[in-house]
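Engineer: Below is a structure I'd like to ask you about.
Just so it is clear, none of the values below were taken in a lab; they were calculated from the coordinates. Worth saying up front: this structure is predicted, and the values here are computed from it rather than measured. With ideal geometry, Cβ positions are generated from the backbone for all residues, glycine too; neighbour counts draw on all protein chains shown.
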Amino acid sequence: MTLLRVEDVHKSYGDEEVLKGVSFEMDRGDVDVLMGPSGSGKSTMLRCINRLTEIDSGDVWLDGTPVYGPDTDVNELRQDVGMVFQDFNLFAHLTALENVTLGLKRVLGVPEAEATDRAADHLAQVGLAAQTDSYPAELSGGQQQRVGIARALAMEPKLMLFDEPTSALDPELVGEVVEVMRDLAERGMTMLVVSHEMGFARSAADDIHFLDSGRIVESGPPEQLFQRPEHDRTNEFLTGLQSNGH
Amino acid sequence: MSAEEPSVADEVRTTVTVDTDRPWALVGLAAFWGWLLVRWTNDFLLPDGMAFPSEQSFFPAAPFSAAAESLGATAASLGLVGAPLDVLAGLLGFVAGAIPSLPALARGAWLTILLTVAGIAFGFVLAVPLSVARVYGGRGLRWLSLSYTELIRGTPLLAQLFVLYFGLPLTQIIREVPGVGVGFVPATAVWVAIIGFTLNSAAYQAEYIRSALESVDVGQLTAARSIGLSKVDGIRYVVLPQGLRYAIPGWSNELVYLIKYSSLAAFITVRELFFQAESIANDTFRYTELFVLAALFYLALVVSASLLMNLVEERTSVPGIGGKRQA
Ligand SMILES: Nc1ncnc2c1ncn2[C@@H]1O[C@H](COP(=O)(O)OP(=O)(O)OP(=O)(O)O)[C@@H](O)[C@H]1O
Ligand SMILES: [Mg+2]
């Protein structure tokens, strides 16, 4: 069953067309990875799905709802789409627990005590039961990113977007975040992940989309894309990635 | 009271830091505040029959002047060697001269503090929406907020007070309000001054808060919106709590400035600290003594304010935001 449908999405910043007609679909429970060179439009594509950025033309549907429909309330839409950021963006003045309860209390209207319980559960799920009272500045990058994942999960989204969740991390901290993401994938979460983590892509992805200069050049399951890419551009990019030690 | 004295209102407000790491300063401040509180309780709260006469100082001046006189005589007889004694005699003479003016200055200090605290607090209430409008508002709101802060910051505070006091029918309106000037309720001119300081301080505070808001990473609001918070809620729950912490040092400066600038209220007849000092000086011709004394009062208030703001900064800091500059 289709959960996300992206259809012929165009987006320009000034004269620069960043997305030149992107289309793809994800079923419920799918894990898709978006790869592509810097500046190819990966972040822009993700942000167009929860309307942090508005598209110029095309269509996006989430679970049958037109994301850009005239009656769609963006704040309600965003409850269904969790987002995890490259540089974490944890609320700096709040503890790990408060980072997770804020949305529960202020968006969903969950009472304080219940919000605390639920947030504690989500933090435990990402392995941070002992860090609930720590402030972001007191956490390692890997821990911060896991709080970021818990914060998004707490809204019980239908879809999770990850924008290079491990690329700001020291290499030795990548594993703990990938672990949490893999666990999430196994629990059936629908995930669209911008990442160049070959290990994660190979083991968890259903489909990989290769984005180049605003177009999806090639899509397919990891074994197909990694072993026999159809396009030279894909091959070139993946070879480059591998030789960079990914 | 003349308006010809050089106006200091359009001076650039710059950073003031007070080193608070001195125990004797704390002892002095504690004595100062203890005395002020007792004085106010006596003058404002106790019924006339029970109270110490409100014009009379708690401390007798006579022993000090007597001591000053005898020390002075000793010093004179010693010649050059007596110079240090002479200084001490001068100091005692100053104290003796100061003591009779203390009750009036305590009453003036009450108004100075009232004006400052009200100006800062009400100004803050206006400054938050002004600064939010400036950073997050649409074109129209941004323009309005900018115009207001430029107008206020570009004109002298004294001129603003004069416009409010003499230029607008504000005084007539306030005078009509029942209760004004009765008992604890301040008189008309005080209200005008509070309005003036509020409007003025709002503009300065808005500038401090604006730059603090701008220093909050944009990713914070993006993350807030990504979990479904509206823009207003994102600003309220995520950006402002951080921005206001960043604004505390600037805010401390504003408080210190307002304490000193509140003396301009004297020009619209508010009987605050400076007014009291000047009117006693005019009666007694002891200008130097009274202005030095008033300066000491202002200094005590300013140092207290800095201590208080340091405490606020410490109490509100969380790891990574505010407080002592840390790693
Ligand atoms: N807000 C913006 N205003 C103007 N141009 C933008 C904006 N956001 C992105 N761009 C431009 O759009 C293009 C695509 O950016 P985007 O961030 O989507 O790329 P990306 O594939 O995520 O790159 P990276 O791997 O470096 O994160 C870039 O040329 C970028 O400069
Ligand atoms: Mg990007």
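Engineer: Short version: ³J(HN,Hα) in whole Hz for each residue of region A:215-228, in order, from phi by Karplus 6.51 cos²θ - 1.76 cosθ + 1.60 (θ = phi - 60°), x for Gly and Pro, what are they?
Structural biologist: The phi angles translate into 10, 7, 7, 7, 10, x, x, x, 4, 5, 5, 6, 8, 10 Hz.
Engineer: Further, regarding this structure: Can you give the longest stretch of chain B with no exposed loop site, where a site means chymotrypsin sites (Phe, Trp or Tyr not before Pro) in a DSSP loop (not H, G, I, E or B) with at most 15 other C-beta atoms within 10 Å?
Structural biologist: No qualifying site falls inside B:59-183, the longest such stretch.
Engineer: Follow-up. So, with +1 on the Cβ of K and R and -1 on the Cβ of D and E, and no other charges, what is the size of the charge dipole of the protein assembly as shown about its Cα centre, to the nearest 20 debye?
Structural biologist: Dipole of the protein assembly as shown, to the nearest 20 debye: 1740 debye.
Engineer: Same structure, new question: How large is log10 of I(q)/I(0) for chain B at q = 0.10, 0.12 Å⁻¹ when the intensity is taken from the Debye formula with one equal scatterer per alpha-carbon?
Structural biologist: Relative scattering, expressed as log10 I(q)/I(0), comes to -0.72, -0.96.
Engineer: Then there's this: Determine, for each peptide in B:78-84, A:202-208, B:302-308, A:77-83, the mean count of other beta carbons within 10 angstrom over its residues, then list the peptides with the highest first.
Structural biologist: For the peptides B:78-84, A:202-208, B:302-308, A:77-83, the packing ranking is A:77-83, A:202-208, B:302-308, B:78-84.
Engineer: Let me ask something else. Check B:F59: other-chain or 5+ apart residues with amide H under 5 Å from its amide H, H built from backbone geometry?
Structural biologist: none
Engineer: In the protein assembly as shown, if the dipole is taken from +1 on Lys/Arg beta carbons and -1 on Asp/Glu beta carbons about the Cα centre, which of B:L273, B:M309, B:G322 is farthest to the positive end?
Structural biologist: Selected residue: B:L273.
Engineer: Just going by the charge dipole of region B:108-280, with Lys and Arg at +1 and Asp and Glu at -1 on Cβ, which of B:L240, B:V117, B:P186 is farthest out on the positive end?
Structural biologist: Of the options given, the answer is B:L240.
Engineer: Roughly how large, in nm² to one decimal, is the mean projection of the convex hull of the alpha-carbon atoms in the protein assembly as shown?
Structural biologist: 37.6
Engineer: When chain B is treated as a GNM, springs tying every alpha-carbon pair under 10 Å, which of B:T149, B:T284, B:T316 comes out with the largest mean-square fluctuation?
Structural biologist: B:T284
Engineer: State which stretch of chain B is the longest one without any exposed GluC sites (Glu not before Pro), exposure meaning a DSSP loop state and at most 10 other Cβ atoms within 10 Å.
Structural biologist: Of all site-free stretches, the longest is B:56-327.
Engineer: Return the long-range amide H neighbours of A:M83 (sequence gap of 5 or more, or a different chain), with a cut-off of under 5 Å between placed amide H atoms.
Structural biologist: A:L161
Engineer: Further question: Which of the DSSP-defined H helices in chain A satisfy a minimum axial length of 27 Å, computed from C-alpha atoms, and a minimum mean Kyte-Doolittle hydropathy of 1.6?
Structural biologist: Answer set is empty.
Engineer: Hey, got a sec? Which GluC sites (Glu not before Pro) in region A:1-102 land in a DSSP loop and have at most 11 other Cβ atoms within 10 Å?
Structural biologist: A:E54
Engineer: Rounded to two decimals, what ratio of Rg to Rh does region B:108-280 give with C-alpha atoms and a Kirkwood Rh?
Structural biologist: For region B:108-280, the value is 1.06.
Engineer: Would you mind checking which residues have amide H under 5 Å from A:R215's amide H? H placed 1.01 Å from N; only 5 or more apart, or other chain.
Structural biologist: A:K20
Engineer: Moving on to the next point. Can you compute the charge dipole magnitude of region B:108-280 about its Cα centre, using +1 on each Lys and Arg Cβ and -1 on each Asp and Glu Cβ, nothing else charged? Give it in debye, rounded to the nearest 20.
Structural biologist: Result for region B:108-280 is approximately 380 debye, rounded to the nearest 20.
Engineer: Take each uninterrupted DSSP H stretch in chain B, measure its Cα extent along the helix axis, and return the ones at 15 Å or beyond whose mean Kyte-Doolittle hydropathy is at least 1.0.
Structural biologist: Answer set is B:23-40, B:83-98, B:102-136, B:287-316.
Engineer: In debye, nearest 20, what is the charge dipole magnitude of region A:1-117 about its Cα centre with +1 on Lys and Arg Cβ and -1 on Asp and Glu Cβ, if you could check?
Structural biologist: The calculated dipole for region A:1-117 is roughly 260 debye.
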